[in-house]
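Below: the structure, in structure tokens.
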Amino acid sequence: MPEGHTLHRLALDLGAAFGGDLTWSSSPQGRFAEGAARIGPRVMEGAEAYGKQLFVRFAGLEEQVRVHLGLIGGLAIHSGLPEPGAVGDLDARPVVGQVRWRLESVRAWADLRGATVCTLITPDEKAAYLAKLGPDPLRDDADPSQAWRRINRSRSTIGALLMDQSVLAGVGNVYRAEVLFRHNLDPFLEGRFLRRDEWDAIWGDLVGLMAYGVTHNRIDTVRPEHEPEAMGRAPREDDHGGEVYVYRRTHLPCLVCGTPVRTEVLAGRNLFWCPRCQPRSRRRTPVRG
DNA sequence: GAGCCATGGAGAA
DNA sequence: TCTCCCTGGCTCC
């Protein structure tokens, strides 16, 4: 589920569902029991995302909740009016599976599952985490030049650099594959060989793609002329819902040229690309294997 | 029921 | 580069 757009969307949804309301925290699974008890019944002020990190603020509490969903985590927000007095009554809102943190109010509740991180942190600790992150295309305060300085002097491949949260915050495996495809870039191109105009185009594209992701709560990267209706093909139906060019389309024909999509592990994750639309660059990193 | 996989990342080696 | 953690859904037997 979680690339940066997911977390920004969750921050908006949490704010809309709980902002300004008195909330109750609990940890049915138990692993956030101390934190939940420390928060206690308290007004939630708001939430914000930075890259794939989510921070939740409560009134009168200096610490904030820091959530990182990891690969498999999810935060499900439900709205709906329970029976009066049902807040805290787990029978009224049954716990399904491993719920690390339940947040509820009289009008909504949210269940956090599978997160790698859910903890209370001090302002100093928060600042330290943020300092480690590169610019986030979804934030107005982001400076793409900051990422460019890292990329421009790196011998790592652009495919690896895009996944490095200290270079760029919020991009994950789907956006990395898709943005490289959209710009016909060889994923194995070394960062130091990327041109500034290529970087500016990538950044601008990510800003648009990820903002769309927040709005629609899914990743769509296919241009209008390659959409299913335009090409007379069946829409993609999988757990993401969105239309993509290469992500998880191994061996399937490229939507643009028909060449089978390739896959290989890069930076510890499955990379997908079209060998014809993203040809080997002469600026590419020396041949491996 | 076991095994595998996933939009992530930390820590060991 | 490897190993491990987090959880649920899907496949295969």
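Values quoted throughout were computed directly from the atomic coordinates according to the rules given, and no laboratory measurement underlies them. Values in this document were obtained by computation on a predicted structure and should not be read as measured data. Cβ coordinates were reconstructed from backbone atoms using ideal geometry, including for glycine residues, and neighbour counts include every protein chain displayed.
Structure summary
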{"quantity": "Phi-based couplings in Hz for the range A:140-155 (Karplus 6.51, -1.76, 1.60; Gly and Pro marked x)", "calculated": "5, 7, 6, 10, x, 5, 4, 5, 4, 4, 6, 5, 4, 10, 9, 8"}
{"quantity": "Cut-off under 5 Å, modelled amide H: who pairs with residue A:43 long-range", "calculated": "A:23, A:59"}
{"quantity": "Theoretical ellipticity at 222 nm over chain A - DSSP helices of four or more residues, -39500 (n - 2.57) apiece, nearest 500", "calculated": "-8000 deg cm²/dmol"}
{"quantity": "Per-residue HN-Hα couplings for the range A:200-206 [Karplus 6.51, -1.76, 1.60; θ = phi - 60°; Hz; x = Gly/Pro]", "calculated": "4, 5, 4, 4, x, 5, 4"}
{"quantity": "Prolate/oblate/rounded label for chain A (Cα gyration tensor, a/c 1.5)", "calculated": "prolate"}
{"quantity": "Distant-in-sequence amide H partners of residue A:271 (H built 1.01 Å from N, under 5 Å)", "calculated": "A:264, A:265, A:266"}
{"quantity": "Charged-residue dipole, Cβ positions (Lys, Arg, Asp, Glu), chain A about Cα centre, Debye nearest 20", "calculated": "1480"}
{"quantity": "Gain on full stretching of the segment that runs from residue A:16 to residue A:1 - 0.36 nm per residue minus C-alpha separation", "calculated": "3.4 nm"}
{"quantity": "Phi-based couplings in Hz for the range A:113-122 (Karplus 6.51, -1.76, 1.60; Gly and Pro marked x)", "calculated": "10, x, 5, 7, 9, 8, 7, 8, 10, 7"}
{"quantity": "Fewest-first sequence of A:56, A:95 by Cβ atoms within 10 Å of each Cβ", "calculated": "A:95, A:56"}
